[in-house]
Amino acid sequence: MAAWTLPKRIANWCEILTTALDRRSRKYFVTLILGMVLSTGRRTVSCWLRAACVGDDWHNHYHFLQTVGRNASHLATRLLHLAVKQIPFSHVGDFVKLALDDSPTKRYGPKIELAGIHHNPTPGPSGSEFLYGHVWVTISWVVTHPLWGCIGLPLRALMYVRRKDLQVLENIGRAPWLFRTKLDMAAELVEWCIVLFRTWFQKRVMVIVDGAYAKKPFLSRMLKIGAVVVSRLRKDAALFDVPESVKRRGKGRPRKYGQQRLSLAHRGGHRQGWTTELMVLYGVAQQVTFKTFLATYRPAGGVIRVVIVKRSAQLFADNPSAWVAFFCTDPEVSAATIIEAVADRSAIEQNFHDVKEVHGAGQQQVRNVWCNVACWNLCLWLHTIVELWSWRRSGNTLKQRSDRPWDDAARRPSHADRVKTLRKQILRETFSALPRPIRAARKIQKLVNALVRLAT
């Protein structure tokens, strides 16, 4: 095996994450992370092992993937503890923000466990409405870097399987788990991490979700644990006015929902009531025109704050309508906070892009269900580890765009830039660990630097 080694800081983090695993198999986790960082091209598991120079011991690493998949919750819990300790308290904000969404990965070939036909959110040029593969309900912690703005730290994912795909295995007695909806999985992920966030930061938790999760099964569980939910609101949502707090005489409890139906279409099309305010969205300061009011909404269990935002050239460019509506389950939250939270939800979309394009999530094409769970979560955890490793590093160190004069120098370093910087440090530390007579010649040093630039 080659002498490639992870930086000491990341190696210590890997030891912390694997404390829940058997002591004899912990060493394989470091090897997989090293191979994921150094691999290029199509990121299959065999590519990981080749990059880490794994020899005859390759079959143990494949078996270790099943162990990681079965213990994903324990590893994610330790990663959450690690992230909480690394992120400064001042970078959290008024709320601890969590973003939730689901993303599919394509699969090919026979005998892939629990793979099925799912909706394709990105049809592409082919326009295929469905795809064959797996769907992952993922949660990310959204934090604000003082220089680079909003960044998402993916923590954990659960595999969603359709009921009809599970029934096939239930008939033969091989179903690995019971059927759960995406709403149940999303609520489980929030309940999993909300206790630690409250005890550590002592702040309220805000969950930012897509409109598909703004339904009663999910919202009711969030209200029970005291989480604030911000989501998109349907234009035909059944909104009612807020009932007047009149003291009732006789029996019965006071009215919870109003009797007058409110129309979002009428309010969004009305010319009066709009307010313009300067906000920082997607890292850009811009004027936002909106109107806000209180309403009662049965799926949310009472009073909510509704915010209608006018579409502009910079906001919601993919939305063909003239306005879009959002809501918050806490009526005391300001409209500016709600709009900024909706913009911060783009961090999880960027996470999905990075784990697929930079780390190759979904390209492993393993067949065992627990190996699939391990591969997707490993890509998420590597994304978070790289972000934590580069959190306190300067932008000049991470950008390294001297060979790209056409690139925008003011643009914040991308996740790919951070991965390349980590890869360069691994190669340079390996070269520096060689005996001095071997690495002393200037020609050898120049050659190694050129190979490092070529490899990254």
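The values are calculated or read from the model by the stated rules, or taken from the named source; none is laboratory data. Just so it is clear, the structure is predicted and the values come from calculations on it, not from any experiment. When we count neighbours, we look across all protein chains shown, and the Cβ atoms used for this are built from the backbone with ideal geometry, even at glycine. Ligands, DNA and RNA are stripped out before the accessible areas are found, and what is left, the full protein with its side chains, is counted by its heavy atoms. Shrake-Rupley method; radii C 1.70, N 1.55, O 1.52, S 1.80 Å.
Brief remarks on what is shown
- Yes/no for T40 being touching a helix residue (DSSP H, G or I) at 6+ places or on another chain (Cβ under 9 Å) and loosely packed, with under 14 Cβ neighbours inside 10 Å: yes
- Scanning the range 404-419 for residues that are of a type in the set (K, R) and either modelled with pLDDT of 90 or more or open to solvent by less than 20 Å² (accessible area, probe 1.4 Å) (or both) yields a single hit, R418.
- Of the residues in the range 165-174, at least one is modelled with pLDDT under 80, open to solvent by 50 Å² or more (accessible area, probe 1.4 Å) and within 23 Å of N71 (Cβ to Cβ).
- In summary, P217 fulfils each of the numbered conditions (1) open to solvent by less than 60 Å² (accessible area, probe 1.4 Å); (2) modelled with pLDDT of 90 or more with the single exception of condition (1).
- Residues that are open to solvent by 10 Å² or more (accessible area, probe 1.4 Å) and of a type in the set (D, E), drawn from the range 376-403: D403
- When the residues of the range 263-278 are filtered to those that are farther than 11 Å from K235 by Cβ and hydroxyl-bearing (S, T, Y), the one that is least open to solvent (accessible area, probe 1.4 Å) is T275.
- Whichever residue in the range 279-301 is more than 12 Å from F240 (Cα to Cα) and without any contact (Cβ under 8 Å) to a residue 40 or more places away in the chain and, among such residues, is most open to solvent (accessible area, probe 1.4 Å): Q287
- Within the range 236-244, not a single residue is at pLDDT 90 or above, under 26 Å from V143 (Cβ atoms) and open to solvent by 60 Å² or more (accessible area, probe 1.4 Å).
- Residues that are touching a residue at least 12 places away in the same chain (Cβ under 8 Å), under 18 Å from V366 (Cα atoms) and part of a helix (DSSP H, G or I) within the range 59-94 comprise N60, H61, Y62, F64, L65, Q66, T67, V68, G69, R70, A72, listed in sequence order.
- Hits in the range 344-368 (condition: surrounded by 21 or more Cβ atoms within 10 Å (Cβ to Cβ) and outside any loop (DSSP other than H, G, I, E, B)): D344, A347, I348, N351, F352, D354, V355
- The range 224-239, residues that are under 14 Å from R298 (Cα atoms), in a loop (DSSP other than H, G, I, E, B) and over 22 Å from the mean Cα position of the chain (by Cα): R234, D236, A237, A238
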